[in-house]
Amino acid sequence: MVRHHPTRYRVHRRSDVSWLQDSTGGLLLLCAAAIAVLLALIIVVKLEPFISLLIAGFALALAAGLPVSQIVGTALKASDSVLETGFGGILGHIAVIVGLGTVLGGILERSGGADVLVEKLTGRFGERGAPVAMGLAGLIFGIPVFFDIGIFVLAPLVYIAALRGGRSLVLYALPMVAGLSMTHAFLPPHPGPTAAAGLLGVSLGWVILMGLICGLPAFAAAGIAWPLWIGRRISISVPEEMVEAETSVVAQPAVVGAGVGGDRGSGGRDDGVSGGRAAGGGVGTGDGGVSRAEDGLAGAGAGADDAADTSASTSTSASTSASASASEGRGAGAAAPISPAPAGPAGGSVGVAGAVGVRPVGLGTVLGIILVPLVLILGATFGTVALDPGTFLQVLTFLGNPAVALTIATLLAFWLLGVRRGSTVAELSEVTAAALRPVGMILLVVGAGAFFGKVISATGVGDALAGTLKDAGLPIIALAYLISCALRLAQGSATVALVTTGGIVAPLVENENYSAAQLAVLVIAISAGSIIASHVNDGGFWIISRYFNMTVKQTLATWTVLETILSIVGFAMTVIVWSIL
């Protein structure tokens, strides 16, 4: 009979563990296993991405042999631990930016700025150019507003344009959602690109510049050329429950400041769609936080939500207000003062009987408030490069700090869109509180993603991956895009894909001599991958399907292709810019 020698067995086990923890192959295997665990928890177990990221991070740290004191600190001190430095490093960078951006978007949303923007653009482009006008409206309004909130606010205006133009709803809806999607994925202050910029240590000014350079051609291809082609081949009518309400708006344009027409509760959706991208995302982001799409889409059967949906509370508010305004129409003219409990999608522009005398929001005011933070941030970024040190540069640097720039824009919005038009400070405070409710989950997801990335760096996985990349000759920009695409396709959430990829890529670039412009391009490549091929495991897919009266097959043929074009063209632009830098 063969007797096993216990000492020899223990030595053999120890050598296996050492191989996993010390060799390149072992570390890469541990990283792949951690990502597999992360995806399984999100897709199979349906666990919140925030918790899933924490579990995957802890599991990788322990399996790689990090000491407990390094992972979580001690009972007396934890400030230097991987957990706290991972969370604290990124949240210190983005929390104020995302919060202020969300408040700014909330004020613009409630003030009726979207109505004015669409009215002026459609007036300029005419009926034949209405699809382009809707695309530009989504592009501009999407800078400060989360993806899903942008849809809630702009969808009724899309219905009106489709009814007036007499063409397929696809022709008007796709340009608008392409604009919202591009800004949500490519431009700060939306959570995804802001978080990725923080993880890679690059100025938001550079990210804004590269986001525009790479994102605008992608928008032109996905938001203008594609809708014009597919809109002639797929005919979608305005949802029946919207026709009567929106027709009354066309017939009675003098109803100033009225709420959004139509009942949003078609198809069992009732805007319980707790998710979209919220950004913003705006995001969200949209890219919001990341909650389960099926929670808000019980009738639709969606899988994981893309946009960090956090916008649960925002969407609930949208649902309530939409029901309240079921029989009302949206006026094309003036909007009422900001109200904390508005009638309209996601609290869109609202109106009351006494609002007829309220002065309309000026288009210049809306555009000015949106552009102020972008101009200040870009000014500080390029002033640092072009100007000599001195008082002027210090002032420009202070004003161009993203937190300061967004504070200035938010105060301008409070005054110009609120107080000056009859809103009280108390009402503005309620609007601010409501806008900030979705932000908590966004920040938790981003923080957990940064912790996961910190673990990858601390365990040596990042160095192992960097060495493997050099041996294989695979460019870092291609790797970043492919990882982001794979995570997006597997679990549906753009935010999770973007933050997780940023965490994986960050250790690969920290010891390289990449310029700020190159790092910004890398952020945009990751962002492009995070939006590819939206399908049934993405909450945004179901929002588009239900809001614009499309079957699953039609949504795949229109929206899914649009997101893929946006992703591929955006990535192609990053490759071109990368080769020039």
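Scoring Gly101 on the criteria (1) within 18 Å of Leu444 (Cα to Cα); (2) open to solvent by 10 Å² or more (accessible area, probe 1.4 Å); (3) in contact with a Leu (Cβ under 8 Å, 6 or more places away or on another chain) leaves a single failure, condition (2).
Here Gln491 meets each of (1) modelled with pLDDT of 90 or more; (2) touching a strand residue (DSSP E or B) at 6+ places or on another chain (Cβ under 9 Å); (3) within 18 Å of Ala32 (Cβ to Cβ) with one exception, condition (1). For the range 117-134, check the following and say yes or no: at least one residue is touching a Pro at 6+ places or on another chain (Cβ under 9 Å), β-branched (Val, Ile, Thr) and modelled with pLDDT of 90 or more. Checking the range 117-134: at least one residue is touching a Pro at 6+ places or on another chain (Cβ under 9 Å), β-branched (Val, Ile, Thr) and modelled with pLDDT of 90 or more. Scanning the range 420-474 for residues that are modelled with pLDDT of 85 or more and acidic (Asp, Glu), we see that the one that is surrounded by the most Cβ atoms within 10 Å (Cβ to Cβ) is Glu427. Taking residues in the range 485-497 that are surrounded by fewer than 24 Cβ atoms within 10 Å (Cβ to Cβ), and partners anywhere that are assigned to a loop (DSSP other than H, G, I, E, B), the pairs with Cβ atoms closer than 9 Å and at least 6 places apart or on different chains are Cys485/Ser530; Cys485/Ile532; Cys485/Ala533; Leu489/Ile532; Leu489/Ala533; Leu489/His535; Leu489/Asn537; Ala490/Asn537.
For Asn537, work out the one condition from (1) touching a strand residue (DSSP E or B) at 6+ places or on another chain (Cβ under 7 Å); (2) surrounded by 24 or more Cβ atoms within 10 Å (Cβ to Cβ) it doesn't fulfil. For Asn537, the failing item is (2).
Sort out which residues of the range 148-189 are within 11 Å of the chain's Cα centre (by Cα), modelled with pLDDT of 90 or more and not aliphatic (A, V, I, L, M), and write them in order of number. Residues satisfying the conditions are Ser181, Thr183, His184, Phe186, Pro188. Only residues that are in a helix (DSSP H, G or I), of a type in the set (Val, Ile, Thr) and open to solvent by less than 10 Å² (accessible area, probe 1.4 Å) were counted in the range 119-150, giving 1. Residues of the range 383-398 that are surrounded by fewer than 16 Cβ atoms within 10 Å (Cβ to Cβ), at pLDDT below 90 and part of a helix (DSSP H, G or I): Val385, Ala386, Thr391. Within the range 188-200, at least one residue is open to solvent by 10 Å² or more (accessible area, probe 1.4 Å), under 30 Å from Phe382 (Cα atoms) and hydrophobic (A, V, I, L, M, F, W, C).
Of the residues Pro193, Pro189, the single one that is in contact with a helix residue (DSSP H, G or I) (Cβ under 7 Å, 6 or more places away or on another chain), closer than 23 Å to Gly503 by Cβ and not in a helix (DSSP H, G or I) is Pro189.
Of everything in the range 72-98 that's modelled with pLDDT of 85 or more and over 16 Å from Gly503 (Cα atoms), which residue is surrounded by the most Cβ atoms within 10 Å (Cβ to Cβ)? Looking at the filtered set, the residue picked out is Val98.
The values are calculated or read from the model by the stated rules, or taken from the named source; none is laboratory data. The shown structure was predicted, so the numbers you read here are calculated from the model rather than taken from an experiment. Note: ideal-geometry Cβ built from the backbone for every residue, glycine included; neighbour counts use all protein chains shown. Quick note on the areas: whole protein, heavy atoms, side chains included, nothing else; ligands and nucleic acids left out. Shrake-Rupley method; radii C 1.70, N 1.55, O 1.52, S 1.80 Å.
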